[in-house]
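Step one of this worksheet: look at the structure below.
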């Protein structure tokens with residue numbers, strides 16, 4: 001295969017997933033420029049590793065590279081500010097399949113109801129307050145609609161850990177959203 005054919009095949013695999021890649025990077029990095037840098041770096045890493053791509057689920061392959069690139073950048077950026085978060089003590093609430101029905105509507109409509117927009121902003125702010133391990137599983141499950149197995153493949157952790165993290169993240173989000181309704185603050189998240 002020529003270099004031109006290889007590049008065309010790579011772009012055929014990669015390009016459909018750039019939106020998801022940027023979405024994940026944005027949630028993990030929290031800043032547009034950092035997210036763009038991470039996606040660009042991941043794109044180059046994916047291109048250099050394309051000969052090892054086995055043709056399986058392309059989105060998982062791409063998002064795994066983006067995730068690892070983001071985590072490496074975050075570790076470098078936050079090397080001296082490690083933060084330990086324990087959510088077990090205060091979390092309560094029943095498990096639900098989806099956090100909030102409108103969570104999937106990530107594009108604001110021009111005529112969007114002001115209350116719905118406010119709620120969406122509260123949810124996004126609450127997600128941003130989650131630890132990165134919880135934030136990434138929420139984004140992959142709720143925004144990218146990935147299965148537990150796909151998330152486990154991307155994050156390289158057991159499926160049970162994914163389920164646990166997602167459950168804890170949902171509980172934390174319910175608590176954060178409940179506190180925001182009451183006007184309260186939670187400092188450790």
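Read the figures in this text as sums done on the coordinates, not as results from a lab. What you see is a predicted model, and the numbers here were worked out from it, not measured in a lab. All Cβ positions, even for glycine, are placed from backbone atoms using ideal geometry, and neighbour counts span all protein chains on display.
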*What length, rounded to one decimal in nm, is gained on full extension from residue 49 through to residue 149, with 0.36 nm per residue of separation minus their alpha-carbon distance?*
33.7 nm
*By average Cβ neighbour count within 10 Å, what is the ranking of 22-33, 50-61, 119-130 from highest down?*
22-33, 119-130, 50-61
*asked:* Can you report the principal axis dimensions of the range 3-77 using only the alpha carbons, biggest first, rounded to whole angstrom?
replied: 36, 21, 21
_Ranked list, fewest to most other Cβ atoms within 10 Å of each Cβ, for 45, 77, 64_ = 77, 45, 64
